[in-house]
Amino acid sequence: PLGAFTFDQFYDVYQEQIEVLAKAGADIIILETMLDIQEAKIALLAAKESCNLPVICSLTFTSEGRMVTGSDPLIAATILEPLRPDVLGANCSLGPKGLMKVMREFASATNLLLMVQPNAGLPRMVKGKTVYSASPDYMAKYALRFVNLGVNIVGSCCGSGPEHIKAIVSKVKDKRPEKKKVKSMTHLASRTKAVSLSKRPIIIGERINPTGKKALQEELRNDRFSLIREEARKQEEEGARILDINVIGEGIDEARTIKKAVLVIEKMVDLPLSIDSPNPEAIEKALKVIGGKALINSVNGKEESLKVILPLAKRFGAAIIGLTLDEKGIPKTVQKRLQIAKKIINRAVKIGISKEDIFIDTLTLTVASQQDQVLESLEALRLIKKGLGVKTILGISNISFGLPNRPLLNATFYHLAKRYGLDAAIINPRDVKLKSSSLAMKVLKGEDRGAKEYIRTQRRVVEQEIRPKGVDIRAQLKEAIIDGDREGILELIEEMLKEDLKPLGIVDEILIPAITLVGERYNEGIYFLPQLISSAEVMKLACKRLSKEMKRETLSVQGKIVMATVEGDIHDIGKNIVSLLLSNHGFQVIDLGKDVKREKILQEALSQKADLIGLSALMTTTMGRMKEIGDELKRRRIDIPTLVGGAVVTNQYAKRIGATYAKDAIEAVKKAKELIKARVSRK
């Protein structure tokens, strides 16, 4: 989610390495220290499809218990388990104590074999040397706890040595891991949220569909997605747990558009996605960019569909909706629908798709023309739910087509279907009658104590036809930054300029507060890295356009900063994010890149008359370069403060070398402002 590399490029890179390793005689393939779940998914696919060796997939987690891009262990297990890794686990990350919670969550989420390889604590710099605090005995004590938790393979990572392994072996060699008994459940997931179907029925939002929506059709034909962003957000607010995406329409390139729509929606909301298409090319393109575990809508009983769609679902670990129709059309009888359902289930299970990942749709036909089929569909649904061990689903809104007061019929049919065992409903979550009747039912059943939710909700007008955002251009521009609206941002800037608003005022009064709000949401755990970067990139586009309207003397430059990843270190994702955020906040950033020699950093800082030097390091073997730069600044009596950060850098280390520490990009902006303000006041 953080760069321009495609699924196929990642896949090819991993496949090349795995094939070489397998040919060279490797016994096991370990994919380790994976920072992002989507990259882990691609690497796992490449490994399973390129060799017959056992594959261990090992992820790395932050102190918040999530991967860098926001996935927790339940989400990771939901996404990766259908791809059949032989072992799943965590390495590096934190010390053993920090990974205990992560492995406990894994143990409660999956029956897969588990592995853990924690660092020997977090690194510290002591007298110029990297020191890890966890002793062999300490690591061994936690190794036993991991085994008792149900972990099958225990080891160690950074900062450990032979003595740690010896102590661990001595402690656990005669032990057997606790056998896990995780009940199989149906889960779907985005990169940052897992949705369980333990409580039924789940609402799947149907509104992202251009059928009958001229404005949306026109936007999609022109590669615009503002209405899709708005609809995704509204459906999430109104209780949708999954979003169905359909972009089929006249003049719309479905395969290309659905890929873009997925990327837009995943940055807008954190709901799992359902790909609504009969087109295998479109389904595959969508599955390649989805960060989570998707639902395919749909496969049916036709041989052509079974042969093409089921392998796609199996390969990408997606769940499926099976429609009870075949080459003869939609059956009129319950028994025939059951036969087709059994055929779909058997074929899916045969190729390795779990029953928990199968939904059967007995098809909702409009009551206006096929009234006698309503109860046939519901009876088939009841029997499938009772006897076939899969989930049930219906497209509710089809029932009312061609009749007046459609919301009333939809809501009534929805509640009737619930009585027959409905697990998931594809419906408009913004339908006021559906929401009101559902809330009323909760009151009557005693589930909404004191009718508090009912009273609160009925005060609002819920149902409204989707339309472009309001006329307040300032609010629209702020929302565009918050939403990461790359397609609409420049048009909004042009409208602002036509209203004779000063460019500097637009930046200071609208753009900066918007990106600051994004940063606050990131710090609060509401947004994650993909949303932060998306908003920052859109902010950059806006500022670039506005800069053309500003006279040089009116530009509000916070200061000039030279940024670099230190010599010997080739990691630059964190540094790039910091540079982007600093630019958003009015700093002039001179980014020297990665693996930059000390002398080049100092030369650029002097020649550019920099107000601040920003340094990044991700490895304990390179963080010492920061001290060397600080020492050289002191030796030459150069009064330029340094701001340091990176996975291995700590506040304690920064203080020791005379630098200022920033734990992330948001804090880096705050610290940079403070350092430059203090430097100016000294002059």
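Regarding region 639-658, can at least one residue be identified that is among the basic types (Lys, Arg) and surrounded by fewer than 21 Cβ atoms within 10 Å (Cβ to Cβ)?
Among the residues of region 639-658, at least one is among the basic types (Lys, Arg) and surrounded by fewer than 21 Cβ atoms within 10 Å (Cβ to Cβ), which makes the answer yes.
Within 31 Å of the chain's Cα centre (by Cα), charged (D, E, K, R) and at pLDDT 85 or above, is that true of residue 569? Criteria met by residue 569.
Yes or no, residue by residue, for (1) within 20 Å of residue 197 (Cα to Cα); (2) among the aliphatic types (A, V, I, L, M); (3) part of a helix (DSSP H, G or I):
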{"site": "365", "(1), (2), (3)": "no, yes, no"}
{"site": "370", "(1), (2), (3)": "no, no, no"}
{"site": "375", "(1), (2), (3)": "no, yes, yes"}
{"site": "384", "(1), (2), (3)": "yes, yes, yes"}
{"site": "398", "(1), (2), (3)": "no, no, yes"}
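Got at least one residue in region 49-70 being under 23 Å from the mean Cα position of the chain (by Cα), in contact (Cβ under 8 Å) with a residue 12 or more places away in the chain and in a helix (DSSP H, G or I)? The answer is no; no qualifying residue exists. Residue pairs whose Cβ atoms lie under 7 Å apart, sitting 6 or more positions apart in sequence or on different chains, and linking a residue in region 589-606 that is within 22 Å of residue 676 (Cα to Cα) and touching a residue at least 24 places away in the same chain (Cβ under 8 Å) to a partner that is among the hydroxyl-bearing types (Ser, Thr, Tyr) and part of a helix (DSSP H, G or I), are 589/579; 589/583; 591/579. Filtered by the rule that a residue be buried (at least 20 other Cβ atoms within 10 Å of the Cβ) and under 28 Å from the mean Cα position of the chain (by Cα), region 340-360 gives 348, 353, 357, 358, 359, 360. Among residues of region 486-506 that are in the same structural domain as residue 531 (by TED's automatic domain parsing), those with a beta-carbon under 8 Å from a residue that is exposed (fewer than 13 other Cβ atoms within 10 Å of the Cβ) at least six positions away or on a different chain give the pairs 487/223; 503/547; 503/554; 504/554; 504/556. Answer yes or no as to whether residue 18 is more than 21 Å from the chain's Cα centre (by Cα) and not in a loop (DSSP other than H, G, I, E, B). Answer is yes for this residue.
Within region 473-518, being closer than 29 Å to residue 262 by Cβ and either outside any helix (DSSP H, G or I) or modelled with pLDDT under 85 (or both) holds for 484, 485, 486, 487, 488. Of all the numbered requirements in (1) surrounded by 16 or more Cβ atoms within 10 Å (Cβ to Cβ); (2) of a type outside the set (D, E, K, R); (3) not in a loop (DSSP other than H, G, I, E, B), residue 571 misses one, and that requirement is (3). Within the option set 424, 451, being farther than 27 Å from residue 233 by Cβ and surrounded by 14 or more Cβ atoms within 10 Å (Cβ to Cβ) holds for one residue only, 451. Using the structure shown, decide if residue 422 is assigned by TED's automatic domain parsing to the domain that holds residue 338, under 34 Å from the mean Cα position of the chain (by Cα) and part of a loop (DSSP other than H, G, I, E, B). The answer is yes for residue 422. If you check residue 577 against the conditions, is it in contact with a helix residue (DSSP H, G or I) (Cβ under 7 Å, 6 or more places away or on another chain) and more than 20 Å from residue 532 (Cα to Cα)? Criteria not met by residue 577.
How about region 361-379: which of its residues are among the hydrophobic types (A, V, I, L, M, F, W, C) and surrounded by fewer than 17 Cβ atoms within 10 Å (Cβ to Cβ)?
Within region 361-379, 368, 375 meet the criteria.
In the set 189, 194, 134, only one residue is in contact with a Ser or Thr (Cβ under 9 Å, 6 or more places away or on another chain), at pLDDT below 95 and under 25 Å from residue 34 (Cα atoms); that residue is 134.
Sort out which residues of region 322-356 are of a type outside the set (A, V, I, L, M), out of contact with any Ser or Thr (no Cβ under 7 Å at 6 or more places or on another chain) and in a helix (DSSP H, G or I), and write them in order of number. Scanning region 322-356 gives 335, 336, 339, 342, 343, 346, 347, 350, 355.
So which of 160, 135, 184, 156 ends up being more than 35 Å from the chain's Cα centre (by Cα) and among the polar types (S, T, N, Q)?
135
The values are calculated or read from the model by the stated rules, or taken from the named source; none is laboratory data. Model, not experiment: these values are computed from the prediction. When we count neighbours, we look across all protein chains shown, and the Cβ atoms used for this are built from the backbone with ideal geometry, even at glycine.
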